[in-house]
Structure formats: C-alpha cells, structure tokens
Amino acid sequence: MEISSRLECIAKMIEKCDSIADIGTDHGYVPIYLIEKGICKHAIASDINMGPVEKARANIKHENAEKSIECRLGPGFSTVKPREVNVAIIAGMGGNLIRDIIEEGIQVFKSLDYVVLQPVQNPDVLRKYIYESGYIVLDEDLCKDENKYYEVIKIKYNNEPKVLSDVYYEVSKILLEKKHPLVKEYVCLKIKKYDKIFNNINDSGEGAQSRKNNLKKMVMKLEGMLECL
C-alpha cells in the first residue's frame, strides 16, 4: 500500500515488534502498511467514531489483512488493555487532545515500549506536556506533506520532569541538534507566523502590550536559532 509522506514519517519511527495499536486510525492505512512491510505481526486499528472504523475495516479487507489487524470502536486508550500491545500511535489530531488521551489512558501508556505522536495542531503544547510530565523523548522527525509541516515525536513513560526554555517547545531541540534538513525553513515559518500576529495586534491596552512583548521575545529567540543553523 502506498501512503502519504506524513504517514510514512510516522511508520519510519516504528521498530520491528509483535503488536501495535493505532489510536484514531481513520482509514487504517498505517496498520496496513506496517503489516505489509513486516514491521509488526498484529495491529489494533481503533477510533472513537464508527465511520472511520468501517472505512478501516473495508481497507483492511481489500488488502487481505483481516487476520493481522483487528478494528475496535472507542475513545483513546479505552480500547486497549495494559501490556496488550508493544507500541501505540496517536496521530492526526491536536496536541491538546493527544495530551488528554495519554492522561486518560496513563496505565496503558506506562505499559508500552514507546508511543509515536503526530500532532496536527499545537505541537508546542504537547511537547511542553511531555517534558514537564517527565516522559523520555526518544526521537523526533519533521516532514512536509501537501505544503504543510508535521512533527513526529517518539516518547516513552518516565517520571523525571524537565522545564525547557519556551522556544524549545516551539522547535524541537532534537531536530536542531540533528540539523534536520527542514528545520531551518520551519523556524522561518514560525518567525513569519509570530511577526504576523504581532503586526495584527492593534489594541494599545496593557494586555495587548504584554502579548506583543512576549511575541517579540519569541521571535528574537527563533532568530537566534537561525544563526546556529
């Protein structure tokens, strides 16, 4: 099965294993791909809505993967028991929702070898939560698909909280250290985004000025990153 650059970026984070759970599976493409490539032997394709579960089931049948992939209906980790699978994927949803799924299914999360996350919004919120909750960041990646950037974060449970500078929640320290080929343009995109917000604040009140000051500081930190790339 051919999959998008975004989904392939997720799949590349998965090491050979016995079983995975894809939480919020949508069409079931990632579990099918992982089974076809021999990366895992068994998969659970799980979603909160019946529509995606039915789509996943149809795609699994079309690819003759029914013996290897099981579809389940339910929210977050509620469809998986602790130690039932080795690895989980939570992708294609906002950082706030991914955080909530981990919190609500913490016993399942603790039992996993690692989890691969791919937030489509608010990756900074998710990264802040990861570090301040004490989880280990094993690896990160960045890809561009249909002119949009996607961050992929591989983590495992631990209990050693860290507080980073806020700029490292915006742009991954790991990607910077790797000198990832996309990180420079990603930092430039962030600078443009915050410059635009800054220029669109017309209110002269105290709250607006505080917001502008914070935005200015963030842009300066991001510009400092560019000097090291």
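Taken together, the values in this text are just the output of simple stated rules run on the coordinates, not laboratory data. Computed from a predicted model, the values in this text were never measured in an experiment. So basically every Cβ, Gly included, is an ideal-geometry build from the backbone, and we count neighbours across all protein chains shown.
Which value in Å is the Kirkwood Rh of the chain over different Cα pairs? Hydrodynamic radius (Kirkwood, Cα only) of the chain equals 18.7 Å. For the chain, averaging the sequence separation of C-alpha pairs within contact (under 8 Å, six or more residues apart) and dividing by the residue count gives a relative contact order of 15 percent.
In the structure shown, the pairs K12/K184; K12/K193; K16/K61; K41/K162 are assessed against 32 Å; a Cα-Cα span above that value is assigned to K41/K162. Note on region 1-47 and region 69-97: Cα centroid distance 12 Å, given to the nearest whole angstrom. Identify the GluC sites (Glu not before Pro) of region 130-229 meeting these criteria: DSSP loop state and at most 15 other C-beta atoms within 10 Å of the C-beta. Counting only loop positions with at most 15 other Cβ atoms within 10 Å, the GluC sites (Glu not before Pro) in region 130-229 are E146, E227.
Taking every DSSP beta bridge that has both residues in the chain, what percent is antiparallel when rounded to the nearest 5? For the chain, the DSSP antiparallel bridge percentage is about 35.
The packing ranking of peptides 75-85, 16-26, 208-218, highest mean first, is 16-26, 75-85, 208-218, where packing means the average number of other beta carbon atoms within 10 angstrom of each residue. Only helical runs count toward this figure. For the chain, summing -39,500 (n - 2.57) over DSSP H runs of n ≥ 4 and dividing by all residues gives -13000 deg cm²/dmol at 222 nm. Considering only I32, I98, V125, and ranking their Cα positions along the charge dipole of the chain that arises from unit charges at the beta-carbon of Lys, Arg, Asp and Glu, the one farthest toward the positive end is V125. If you wrap the tightest convex hull around every Cα atom of region 1-126 and split its volume per residue, you get 92 Å³.
According to the Kirkwood relation over distinct C-alpha pairs, the hydrodynamic radius of region 103-170 is 12.7 Å. Extension gain for the segment S78 to C188, taken as residue separation times 0.36 nm less the Cα-Cα distance, is 35.7 nm to one decimal.
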